[in-house]
Amino acid sequence: MQQLSYTRQVIQETMRLFPPIWALIRIAAGDDEIEGHKIKAGDKVIILSYIAHHSAKYWDDPEKFDPDRFAPERAKKRVKYSYLPFAAGKRACIGGALSQIENTLALVQLLRRFTPEYTGPVPAKIHATVTLCPKGGLPFRIRKL
């Protein structure tokens, strides 16, 4: 896994653009204020990770696919909680780290044997349900190496 840092960055950038958990709902533990909006204890707060992941406030050229955003030296400069593919804190997805390891290893194994060619619309259409899904699937042509 140590040698697969760029592959891991590709997975992270993909999840930035298409986060599996695109919206979170939390209940405010206490009164607060966010950018002039008053929040009372017990209010439901929706956190849109998809919006944060596509915001120019946190990301240079946010619609561009750039795995180098996740290079260690750049990742250190990232605003805390601007990247939430599996939520964060006490309520973060327990399988988030395992998912990233599995995705990285699966991608490496596939690319060692095959060349994928995306044949769908660019950009791909998305369908927001509980998770973010590609609308109509992701059509690929796979060629054996």
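Laboratory data are not the source of any read-out in this text; all were calculated from the coordinates shown. These numbers come from a predicted model, not from an experiment. Note: ideal-geometry Cβ built from the backbone for every residue, glycine included; neighbour counts use all protein chains shown.
Here are the numbers for the structure shown:
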| item | result |
| --- | --- |
| Longest to shortest principal axis, alpha-carbon extents of region 2-116, angstrom | 54, 29, 24 |
| Taking PHE70, PHE140, PHE18 and counting other C-beta atoms within 10 Å, the order from fewest to most | PHE140, PHE18, PHE70 |
| Lysine pairs in region 2-116 with Cα atoms under 28 Å, if 8 or more residues apart or on separate chains | 19 |
| Mean Cβ count within 10 Å, highest first, over the residues of peptides 74-83, 32-41 | 74-83, 32-41 |
| For peptides 57-69, 111-123, sequence by mean Cβ density within 10 Å, most packed first | 57-69, 111-123 |
| Net charge of neighbours whose Cβ lies under 14 Å from the Cβ of GLY89, counting Lys and Arg as +1 and Asp and Glu as -1 | +4 |
| The chain - mean residue ellipticity at 222 nm from DSSP helices (-39,500 (n - 2.57) per run, n ≥ 4, rounded to 500) | -8000 deg cm²/dmol |
